[in-house]
Amino acid sequence: NEVLTSVDSNFKWIEASKLKIGEHIAVPKNYPGEGKDNYEVDFAYLCGLIATDGHISFNDRRAQTCIYNSNKELIDQLSQKMVVLGIKHAIHIQKAGRKSVIRGKEVTTKKDIYKIYNSEKEFAKKIIEFGIPAGNKSSEFSLNKIILGYSKKTLSAFMAGVFDGDGFLRMEPTEFIITNGIRENTRTFQRILLRLGIISNIEKSTNSWHCS
């Protein structure tokens with residue numbers, strides 16, 4: 001089999017057996033294919049936020065889908081989207097100063113935390129069907145690969161929610177970064193970005209993985 005390589009900015013086909021270490025192999029900038037689905041962009045955005053700042057608890061008796069964030073403006077905008085989508089919800093405020101234990105260390109919140117939630121099993125099922133797992137997705141359960149097959153329109157909205165949940169912008173150098181506790185989830189984000197024509201890297205920090 002031959003492989004397309006790049007030599008001095010010129011493309012050339014070379015037999016795979018004759019490739020040398022250090023030679024550049026040409027690869028597509030994005031994954032081909034548009035993908036198909038019937039999801040609304042606001043719902044896909046909501047799924048992105050749940051995939052990062054949210055949690056789904058689900059059992060035979062009850063279910064609850066919630067999102068936690070300290071940005072009141074984001075919560076207000078999300079509430080409006082949920083009204084448009086016809087999703088019932090409520091908002092609870094955890095006041096600053098609340099203590100909790102994270103990775104064995106006691107942490108005191110410096111800002112109010114807003115919890116927006118829905119307690120209907122049918123809604124939780126829709127989120128799970130989209131590809132967001134119930135339970136601890138910060139360190140145990142990875143996203144369903146079915147997400148990779150959605151349309152670019154849906155993936156763009158989903159990644160907007162992901163970035164609003166666990167993303168940030170670093171200056172000097174300019175860099176967009178998404179963090180996650182599971183490497184496979186970070187790899188999924190990388191593949192989605194590639195579908196959208198964006199090349200990214202994956203790096204490991206002390207407690208999480210970064211897609212940048």
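The values are calculated or read from the model by the stated rules, or taken from the named source; none is laboratory data. For clarity, every value in this text was computed on a predicted model and none was experimentally measured. Glycine gets a Cβ as well: all are built from the backbone with ideal geometry, and neighbour counts include every protein chain shown. Side chains are part of the model used for accessible areas, which takes the heavy atoms of the whole protein and leaves out ligands, DNA and RNA. Shrake-Rupley method; radii C 1.70, N 1.55, O 1.52, S 1.80 Å.
Here are some notes:
- Checklist (1) in contact with a strand residue (DSSP E or B) (Cβ under 7 Å, 6 or more places away or on another chain); (2) modelled with pLDDT under 95 applied to Thr65, failing item: (2)
- Scanning segment 95-124 for residues that are free of Cβ contacts under 8 Å to residues at least 40 places away in the same chain and either in contact with a Leu (Cβ under 9 Å, 6 or more places away or on another chain) or not aliphatic (A, V, I, L, M) (or both) returns Lys95, Gly97, Arg98, Lys99, Ser100, Gly104, Lys105, Glu106, Thr108, Thr109, Lys110, Glu122.
- All of (1) under 25 Å from Ile75 (Cβ atoms); (2) modelled with pLDDT of 90 or more; (3) touching a Ser or Thr at 6+ places or on another chain (Cβ under 7 Å) hold for Thr154 with one exception: (3).
- Some residue of segment 184-191 being under 28 Å from Gly86 (Cα atoms) and either in contact with a His (Cβ under 7 Å, 6 or more places away or on another chain) or surrounded by fewer than 15 Cβ atoms within 10 Å (Cβ to Cβ) (or both): no
- Among residues of segment 99-147 being closer than 16 Å to Leu46 by Cβ and touching a Phe, Trp or Tyr at 6+ places or on another chain (Cβ under 6 Å), the one that is surrounded by the most Cβ atoms within 10 Å (Cβ to Cβ) is Ala124.
- Segment 33-61 residues that are touching a residue at least 12 places away in the same chain (Cβ under 8 Å) and in a loop (DSSP other than H, G, I, E, B), paired with ones that are β-branched (Val, Ile, Thr) and open to solvent by 30 Å² or more (accessible area, probe 1.4 Å) (beta carbon under 9 Å, 6 or more apart): Glu40/Val84
- Neighbours by Cβ (under 7 Å, 6+ apart or cross-chain): first from segment 153-170, farther than 8 Å from Gly48 by Cα and of a type in the set (Val, Ile, Thr); second open to solvent by 20 Å² or more (accessible area, probe 1.4 Å) and not in a helix (DSSP H, G or I): Thr154/Asp37; Thr154/Tyr39
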